[in-house]
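The values are calculated or read from the model by the stated rules, or taken from the named source; none is laboratory data. The structure presented is a predicted model; accordingly, all values stated were derived computationally and were not measured. Don't worry about glycine lacking a Cβ; one is built from the backbone with ideal geometry, like all the others, and counts go over all protein chains shown. The area values use the complete protein model at the heavy-atom level, side chains included, leaving out ligands, DNA and RNA. Shrake-Rupley method; radii C 1.70, N 1.55, O 1.52, S 1.80 Å.
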Amino acid sequence: MAVSRLLGAMQERSAAFVGVRRDIHRHPELAFDEHRTAALVAGQLARWGYTVERGIGGTGVVGTLVRGQGARRLGLRADMDALPITEASGVEWASQRPGVMHACGHDGHTAMLLAAAQHLAEQGRFDGTLNLIFQPAEEGGGGALRMMDDGLFERFPCDGVFAMHNMPGVAQGTLVLREGAAMASSDYATITLTGTGGHGAMPQHAADPVVAAASLVMALQTVVSRNVDPLQAAVVTVGALNAGRANNVIPATATLELSVRALDREVRALLEHRIKALAAAQAESFGVHAQVDWRRGYAVLVNTPDETAFAREVALELLGADRVVPQGPPLTGSEDFAFMLERVPGSYLLIGNGDAADSRTCGGGCMVHHPGYDFNDANIAIGSAYWVLLAERFLHAEETRGAPPVAAESLQ
Ligand SMILES: [Zn+2]
Ligand SMILES: [Zn+2]
């Protein structure tokens with residue numbers, strides 16, 4: 001199918017999936033609670049002839065379609081979970097569940113992959129195995145890792161995995177690719193400083209954790225400015241600092257909550273090492289004790305070169321150079337697709353959700369995680385067409401590699 005005809009076909013098909021997207025949007029579900037969404041996904045895939053496995057890593061769903069004798073195996077991943085945010089978008093299809101909202105567009109990601117799934121089942125020209133992965137709990141729950149712990153890639157081996165996320169502020173439908181580190185690792189630390197409480201009028205009898213905490217906050221600023229290579233990116237944010245309740249009492253403890261991000265595995269390790277060392281040394285200098293509870297979150301998301309080059313070629317073939325950013329900037333946000341990319345080569349790309357016209361009301365261009373955000377339904381046709389073309393090209397790879405794209409009309 002010629003690319004223009006594919007776009008036209010997905011445009012026609014997308015009307016039904018705008019309905020699906022808005023239905024999912026009305027019924028958002030938090031991490032690992034995506035029962036209704038998973039049932040909807042599984043039901044549709046089964047109706048179109050996919051072999052469907054449910055309950056992988058909690059509420060995860062995988063739909064598999066095998067065609068021909070080809071040995072290649074492709075994984076395409078969408079996420080299904082919503083966020084604990086009260087929706088203020090004002091749209092007709094707004095959340096019907098108070099305090100829960102699809103504020104990251106995972107409703108749209110699910111709908112795009114479903115539209116592609118239907119088209120590939122009805123008209124897809126491919127030779128090999130297509131694995132459609134619908135994962136739970138991307139928003140901090142590590143649903144990708146849970147699915148992998150549940151044997152995702154042993155049960156559904158893949159030679160390449162790809163995922164797509166919408167991005168407000170980028171022109172609607174523009175695809176943004178990036179080879180290498182594309183999203184940051186995200187780690188968390190709780191530092192508890194324990195001293196000796198006492199009367200606020202007699203500090204000489206106490207070991208004050210508040211002064212130690214204040215000094216530690218400032219000392220932590222030197223990790224990025226003095227320890228990390230200035231050409232590398234890193235973030236150390238002290239997002240919470242809690243100590244004491246009265247002006248005349250020196251408390252016994254103070255706690256700091258940190259968010260720590262990096263775009264490189266070695267920088268990530270350095271941050272952990274330096275933060276722990278600084279906490280211990282600072283505490284010692286104030287006569288208090290530091291305990292650091294370090295929790296590793298999502299890994300650095302690294303797009304592999306060959307698969308990113310391939311994903312970029314597909315984007316250029318579909319949309320042309322005007323609507324493709326071949327090497328976008330890295331982001332300091334995090335994404336648990338990073339874990340899948342540690343196991344299987346692949347690439348994660350962005351699809352523009354439209355410009356943020358007005359930062360107060362957003363005008364449809366709110367940033368993800370904003371209560372006024374909404375997924376741009378115009379992306380369902382483009383995003384699903386991209387998945388269809390990528391699947392057809394990936395699962396014809398032996399014939400097309402190094403050769404011009406498959407003669408489009410001959411596929412009809
Ligand atoms: Zn999100
Ligand atoms: Zn998201």
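Give me D for segment 281-324 in µm² s⁻¹, whole number, from Stokes-Einstein with Rh from the Kirkwood sum over alpha-carbon pairs, 37 °C and 0.692 mPa s. Let's see the in-between values first.
Details: Rh = 15.0 Å.
This corresponds to a translational diffusion coefficient of 218 µm²/s.
To the nearest 500 deg cm²/dmol, what mean residue ellipticity at 222 nm is calculated for the chain from DSSP H runs of n ≥ 4 alone, each contributing -39,500 (n - 2.57), summed and divided by the residues? Present the calculation step by step, with values, prior to reporting the outcome.
Values: 11 runs with 143 residues, N = 412.
Per the formula, -11000 deg cm²/dmol.
Which residues does a label at Ala46 reach in segment 57-71, if reach means a backbone N under 18 Å from a point 7 Å past the Cα toward the Cβ?
57-66
Multiply the residue separation of Gln123 and Met367 by 0.36 nm, subtract the distance between their alpha-carbon atoms, and state the gained length in nm to one decimal. Let's see the in-between values first.
Values: separation 244, 0.36 × 244 = 87.84 nm, distance 3.54 nm.
Full extension of this stretch gives 84.3 nm more.
With a/c under 1.5 counting as rounded, go ahead and sort segment 1-151 into rounded, prolate or oblate using the C-alpha gyration tensor (a ≥ b ≥ c being the square roots of the eigenvalues; past the cut-off, prolate if a/b is larger than b/c, else oblate).
Values: a/c = 2.40, a/b = 1.32, b/c = 1.81.
It comes out oblate by the Cα gyration axes.
What is the distance, in nm, between label points placed 7 Å from the Cα along the Cα-to-Cβ direction at Leu231 and at Ala281?
2.6 nm
Once both axes come from the Cα atoms, what is the angle between helix 379-394 and the longest principal axis of the chain, in degrees from 0 to 90, rounded to 10?
Approximately 70 degrees, to the nearest ten.
In whole Hz and in residue order, list the ³J(HN,Hα) couplings for segment 222-235 that follow from phi through the Karplus curve 6.51 cos²θ - 1.76 cosθ + 1.60, θ = phi - 60°; x for Gly and Pro.
7, 4, 6, 7, 10, 9, 7, 3, x, 8, 10, 9, 7, 10
Can you give the FRET efficiency for Ser4 and Ala88, using 1/(1 + (r/R0)^6), R0 = 41 Å, r = Cβ-Cβ distance, to the nearest 0.05?
Details: r = 39 Å, r/R0 = 0.94.
The pair Ser4/Ala88 has a calculated efficiency of 0.60.
So how much slack lies between Glu154 and Thr190, counting 0.36 nm per residue of separation and subtracting their Cα-Cα distance, in nm?
On the way: separation 36, 0.36 × 36 = 12.96 nm, distance 3.54 nm.
Full extension from Glu154 to Thr190 adds 9.4 nm.
Does anyone have the angle between helix 3-26 and the longest principal axis of the chain? Alpha-carbon axes, 0 to 90°, nearest 10?
50 degrees
Calculate, for Ala246 and Trp294, the FRET efficiency according to 1/(1 + (r/R0)^6) with r their C-beta to C-beta distance and R0 51 Å; round to the nearest 0.05.
0.95
Considering only protein heavy atoms, what is the solvent-accessible area of Asp322 at a probe of 1.4 Å, reported in Å² to the nearest 10?
Counting only protein heavy atoms, the figure is 150 Å².
How large is the charge dipole for the chain, taken about the Cα centre, if only the Cβ atoms of Lys, Arg (+1) and Asp, Glu (-1) carry charge, to the nearest 20 debye? Mind dumping the intermediate values first?
Details: 32 positive and 45 negative charges, 45 e Å.
For this selection, approximately 220 debye.
Rounded to the nearest 10 Å², what accessible area does His289 have for a 1.4 Å probe in the complete protein model?
120 Å²
Quick one: grab the alpha carbon gyration tensor of segment 113-181, order the square roots of its eigenvalues as a ≥ b ≥ c, and give me rounded if a/c is under 1.5, else prolate or oblate depending on whether a/b is larger than b/c. It would help to have the intermediate numbers written out before the result.
Values: a/c = 1.75, a/b = 1.07, b/c = 1.64.
It comes out oblate by the Cα gyration axes.
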